[in-house]
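Undergrad: Take this structure first; my questions come after.
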Amino acid sequence: MTEQRFLHGQWSSRMAFILAASGSAIGLGNIWKFPYLAGDNGGGAFVIVYLLCVVAIGIPLMIAETMIGRRGRQSPINTMLTLAEEAKASRHWHYAGWLGVVAGFLILSYYSVIAGWSMAYILKVGGGFLNNADAQTVQAAFLDLKAAPDIQAIWHTAFMAGTLLIVSRGINEGLERATRIMMPGLLAMLVLLDIYAMTTGGFGQGLAFLFEPDFSKLSGESILVAMGQAFFSLGLGMGSIMVYGSYLPGHVSIARASIIVATADTAVALMAGIAIFPIVFANHLEPGMGPGLIFETLPIAFGQMPGGSWFGLVFFLLVFFAAITSAIALIEPAVAYLSENLGLNRTAASWWSGAVCWLLGLGTVFSFSGGESGTDRNFFEWVDFLTADVMLPIGGILVAVFASWVIKREVSEAELGIGVAYAWWRALARYVAPGAVALVFLHAIGVL
């Protein structure tokens, strides 16, 4: 197979890909989920296990997904079909591409709603509306936001519109320009918040929470959690890395770029923990899990501290930047597919796909505001379960199997060009990574 031509454009450099792929990986989960998981599962002991999982699971899968994307040079669906034909394998492999595209699309539908909250809190906290507020007042403000479908819909619409404005402008003027501005901005804000955290009375306690090894908390469950976080944190299995890989110039080392992205993703998660938990402990608050940490716990601290409105503004801008760089990656596979298969120009493909995604997001809006599905789970919870617990792990396994078993050795070896390290990657991608993700999947659905 001769190298596919670029159908949608290409990144201008390796750094452009690294910034975009890092933006795809670094999202809301880096801000609250990883630091909390680390603290709750043994601190430094969990971090060590997590880093091993990134090396053995995350990086091999990222290399595999990027390699598939660059070899196919199309949307994930068409790439999987083209490469299956090249390998003389079943055409049904293109359903793996569909799985990733649909999963990313569904995730964005609710991700946009939650990201919209960060936009609301830029005004709430930055505008001083929660200054000197007690825990009850802050909690009431968050519950009022979730209970108001009209307000949530407005912020959901604003976030989705911002995402589509970026995506519709194309690879270089849209995706690349946005990530070139936002990723350095995100890093600068994190550094600023980390410096501030050093001035709080809870800095030592926060570092101990994150990094002090407590092997008594490191159970089999903790290891499965570390495996899952290593997989999910890098944004794998949802087509984003594959489509970003399709824009990658042929001279760029996939392995080297993947290692840099994984390192950046982990560094941001740790830096977020260093920024957040000293503030939490200095104000005698509990490190809650999930969005509550961001929208209920931290605003109390920002409302009490000197200059809290300003630091709160910086923090929620950080959350917004992390969210929107992930959002553009989530919708890009669908946009690429519509452009290729329906003949739509990029602007039309962006806005049509975005309109459908926005409409699906209203289901999440009404889930948070009290609308129920009539079952044990509401609409949001069903979509979250279907994507995070089922579709992404299965997609990750299929990507690993396709890259290491279906694509011919001489093809993948030439595409990666990593010499003696190729045997290590192939072994990890063939056996270790799919096996580990299978365990994560079985744990997620309650079998383990």
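Undergrad: Exactly one condition in (1) under 15 Å from L37 (Cβ atoms); (2) at pLDDT 95 or above is not met by F209; state its number.
TA: So the condition that F209 fails would be (2).
Undergrad: Against the conditions (1) farther than 17 Å from A56 by Cα; (2) without any contact (Cβ under 8 Å) to a residue 40 or more places away in the chain; (3) open to solvent by 50 Å² or more (accessible area, probe 1.4 Å), where does L386 fall short? Just the number, please.
TA: (2)
Undergrad: Among the residues of the stretch 164-177, are any in contact with a Ser or Thr (Cβ under 7 Å, 6 or more places away or on another chain), open to solvent by 60 Å² or more (accessible area, probe 1.4 Å) and not charged (D, E, K, R)?
TA: Yes.
Undergrad: While we're here: Which of the residues that make up the stretch 117-157 are among the charged types (D, E, K, R) and within 15 Å of L317 (Cα to Cα)?
TA: Residue satisfying the conditions is K124 alone.
Undergrad: While we're here: Based on what the data block shows, is G185 among the small types (G, A, S), crowded, with 21+ Cβ neighbours inside 10 Å and closer than 25 Å to I324 by Cα?
TA: No.
Undergrad: OK, next. Let me spell it out: the conditions are (1) touching a Phe, Trp or Tyr at 6+ places or on another chain (Cβ under 9 Å); (2) open to solvent by 30 Å² or more (accessible area, probe 1.4 Å); (3) at pLDDT below 95; (4) over 22 Å from V365 (Cα atoms), and L130 meets all of them except one. Which number is the exception?
TA: Only one criterion is unmet by L130, namely (2).
Undergrad: If a residue has to be over 20 Å from A38 (Cα atoms), in a helix (DSSP H, G or I) and among the small types (G, A, S) to count, how many in the stretch 286-321 make the cut?
TA: Looking only at that region, the number is 5.
Undergrad: I need a count of the residues in the stretch 269-283 that are of a type in the set (A, V, I, L, M) and open to solvent by less than 10 Å² (accessible area, probe 1.4 Å).
TA: Summing the residues that are of a type in the set (A, V, I, L, M) and open to solvent by less than 10 Å² (accessible area, probe 1.4 Å) in the stretch 269-283 gives 6.
Undergrad: In the list Y422, Y337, which residue meets the criterion of being more than 30 Å from E173 (Cα to Cα) and either in contact (Cβ under 8 Å) with a residue 24 or more places away in the chain or of a type outside the set (K, R) (or both)? Steps first, please.
TA: Values: Y337 fails: more than 30 Å from E173 (Cα to Cα).
Step by step, each of Y422, Y337 is checked, and only Y422 is more than 30 Å from E173 (Cα to Cα) and either in contact (Cβ under 8 Å) with a residue 24 or more places away in the chain or of a type outside the set (K, R) (or both).
Undergrad: Need the failing condition index for I26 against (1) within 19 Å of V261 (Cα to Cα); (2) open to solvent by 20 Å² or more (accessible area, probe 1.4 Å); (3) not small (G, A, S), just the number.
TA: Failing condition for I26: (2).
Undergrad: Within the stretch 62-95, how many residues are buried (at least 23 other Cβ atoms within 10 Å of the Cβ) and either touching a strand residue (DSSP E or B) at 6+ places or on another chain (Cβ under 7 Å) or without any contact (Cβ under 8 Å) to a residue 40 or more places away in the chain (or both)?
TA: 0
Undergrad: Identify, from the list S326, S412, S404, the residue that is within 23 Å of L28 (Cα to Cα) and either of a type outside the set (A, V, I, L, M) or crowded, with 18+ Cβ neighbours inside 10 Å (or both).
TA: Working: S412 fails: within 23 Å of L28 (Cα to Cα); S404 fails: within 23 Å of L28 (Cα to Cα).
None of the other options fit; the residue is S326.
Undergrad: List every residue pair whose Cβ atoms lie under 8 Å apart, where the two residues are 6 or more positions apart in sequence or sit on different chains, the first residue falls within the stretch 147-162 and is in contact (Cβ under 8 Å) with a residue 12 or more places away in the chain, and the second residue, located anywhere, is outside any helix (DSSP H, G or I).
TA: Partner pairs satisfying both residue conditions: A147/S369; A147/G370; A148/S369; P149/S369; P149/G371; Q152/S369.
Undergrad: Sort out which residues of the stretch 87-141 are of a type in the set (F, W, Y) and under 21 Å from the mean Cα position of the chain (by Cα), and write them in order of number.
TA: Result: W98, F105, Y110, Y111, W117, Y121.
Undergrad: Of the residues E332, E340, which single one is under 20 Å from the mean Cα position of the chain (by Cα) and either within 30 Å of P76 (Cβ to Cβ) or open to solvent by less than 10 Å² (accessible area, probe 1.4 Å) (or both)?
TA: Of E332, E340, the one residue that is under 20 Å from the mean Cα position of the chain (by Cα) and either within 30 Å of P76 (Cβ to Cβ) or open to solvent by less than 10 Å² (accessible area, probe 1.4 Å) (or both) is E332.
Undergrad: Working only within the stretch 341-392, note down all residues that are among the small types (G, A, S) and within 20 Å of A153 (Cα to Cα).
TA: Matches in the stretch 341-392: S350, S353, G354, A355, G361, G363, S367, S369, G370, G371, S373.
The values are calculated or read from the model by the stated rules, or taken from the named source; none is laboratory data. Predicted, not measured: the structure shown is a model, and the values here were computed from it. Ideal geometry is used to build each Cβ from the backbone, glycine not excepted, and the neighbour counts take in all protein chains shown. Accessible surface areas use protein heavy atoms only, side chains included; no ligands, DNA or RNA. Shrake-Rupley method; radii C 1.70, N 1.55, O 1.52, S 1.80 Å.
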